[in-house]
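J.: Here it is, the structure, as structure tokens.
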Amino acid sequence: MDFNRITKAKQKIGITYELKPEQITALRAFMESKDIVCLLPTGFGKSIIFQLMPFLSDDPMACVLVISPLNAIMKDQVRKLCENGISACFLDITGRDGSTYTLKPALGTDIEDDDEQGDNDDDTAEDVGNIQTKVSIEDVAAGKYQLIYAHPEAFLSSREGRKILHSKILHDHVCGICIDEAHMIQEWGEDFRKDFARIQELLGIFPRVPVSLFTATASQSTKENLVKNLGLRDPLFISKNPDRPNIKYYKYDRLPSVRQEDDLDKILGDIATGLQEDRRHYPLTFIYTDLESIRYGYRFLEKISKSEPVIRVVLATVALGIGLHAPAVRKVIHFKCPTSIEKYLQETGRAGRDGLPADAILYVNKTDVRTNRPGMQNSMRQYCISTDTCLRFQLLQHLNY
């Protein structure tokens, strides 16, 4: 019976491939109204789990709330759902505005051929499913969307968000609450985006609704804190070794911070040479660094980006370490170490999501690992200063693998 329901749900959102055992286990636990903690590697397909949930319910108006940290993640997932005829929307961080995308007819339905009507202009027609449109808060509260994506601030710090949460119609049909990138509750909840630390208030409004957490990286202490702080009820832990064998790790010393531009010149100079020699075939590369270095790097690379505007190098802050699905990234470079191994694995996990070989390169100096650096965890410091040769083992050991 469970298998048949999952198969029908897959058809509903256009999935034709076989689900992985961990995905099926999570969906079956959801159907049994269990709380779930999914610790699955980057690129594994965690989002597919909560996108299937509304269609496993007997309630035709079943709705799932998805708490997510970034607009880019929500927009991308909502757009893809809408392209498969699923009613989904996302709320911005203020909770006052929401958006969706023009729906295609649901899979399996006949699509009227506009050409036969003689009023379709191929030169002006837009791709259905890619037109972003506003949604009314009233429609969201009335349960017109099967998946509602939102920042925690949208629900907890806005009058409009509260109106949605306390709508009797919506309240009667919410069948699941999912928290994507759940590790951000601890990383951001203390002093950056404090509503992440208030998510338990949201869960308290729906006391009988199962809660699902999703993340790629969480230490034992992080898992314990999440379960305790969110009040999860005997959750089922579903985990898989986060090792990505196709990613090769490297670590190099860099110059003191007072000579930072010299280091950037060397690193970016090698990249610039490669771009000039063969821009189109240069491996897609992400460089994680701070805003000051991003400005410097942009000016450096801008000199060679006047012709053939094909993006091959992305200078990024930590925001790009969450949820982005770019399969062809071949190289991730950190010009400065993150403050935790969890963050490092999240960010290096952008590489090689297509399963092909990829490199993760870390440049580090003594300033990066100083004891008074805000948020710096000792496990990351030890990784940076260690002389052990197997970097992969050190990373996985922190997560008890």
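Here, each number is a calculation from the coordinates, and none is a lab measurement. Please read all numbers here as calculations on a predicted model, not as lab measurements. All Cβ positions, glycine included, derive from the backbone under ideal geometry; neighbour counts span all protein chains shown.
J.: Which shape class, rounded, prolate or oblate, goes with the stretch 35-77 when its Cα gyration tensor gives a ≥ b ≥ c as root eigenvalues, a/c under 1.5 marks rounded, and past that a/b bigger than b/c marks prolate?
T.: It comes out oblate by the Cα gyration axes.
J.: Could you work out how far apart the two model spin labels at residue 241 and residue 138 are, taking each label as a point 7 Å from the Cα in the direction of the beta carbon, and quote it in nm?
T.: With each label point 7 Å from Cα toward Cβ, the separation is 5.6 nm.
J.: Using modelled amide H (1.01 Å from N, peptide plane; none on Pro or chain starts), what sits under 5 Å from the amide H of residue 135, excluding residues fewer than 5 places away?
T.: Here 98, 99, 100 satisfy the definition.
J.: For the modelled label position 7 Å from the Cα of residue 198 along Cα-to-Cβ, which residues of the stretch 137-165 have backbone nitrogen atoms closer than 18 Å?
T.: Once the point is set 7 Å along Cα→Cβ of residue 198, 150-165 turn out to lie under 18 Å by backbone N, inside the stretch 137-165.
J.: Also: Which FRET efficiency value, to the nearest 0.05, do you get for residue 278 and residue 328 by plugging their Cβ-Cβ distance into 1/(1 + (r/R0)^6) with R0 = 22 Å?
T.: For residue 278 and residue 328, the calculated efficiency is 0.90.
J.: Moving to a separate point now. So the label point goes 7 Å from the Cα of residue 209 along Cα→C-beta, right? Which residues of the stretch 70-91 then have their backbone N under 15 Å from it?
T.: 89-91
J.: Here is a further query. Using the Karplus curve 6.51 cos²θ - 1.76 cosθ + 1.60 with θ = phi - 60°, what ³J(HN,Hα) values do you get for each residue of the stretch 393-398, in whole Hz, with x for Gly and Pro?
T.: The phi angles translate into 4, 4, 5, 6, 4, 4 Hz.
J.: If each residue of separation counts as 0.36 nm, what is the full-extension length gain between residue 58 and residue 390 once their alpha-carbon separation is subtracted?
T.: Roughly 114.5 nm would be gained on extension.
J.: Taking the simple approach of a point 7 Å from Cα along Cα-to-Cβ for both residue 378 and residue 11, what is their distance in nm?
T.: 5.6
J.: Moving on. Assuming R0 = 22 Å, can you tell me the calculated FRET efficiency for the pair residue 20 and residue 354, based on Cβ-Cβ distance, to the nearest 0.05?
T.: 0.85
J.: HN-Hα J couplings of the stretch 16-28 from phi, Karplus 6.51/-1.76/1.60, θ = phi - 60°, integer Hz, Gly and Pro as x?
T.: So the Karplus estimates, Gly and Pro as x, are 10, 8, 6, 6, 7, x, 5, 5, 5, 4, 5, 5, 5 Hz.
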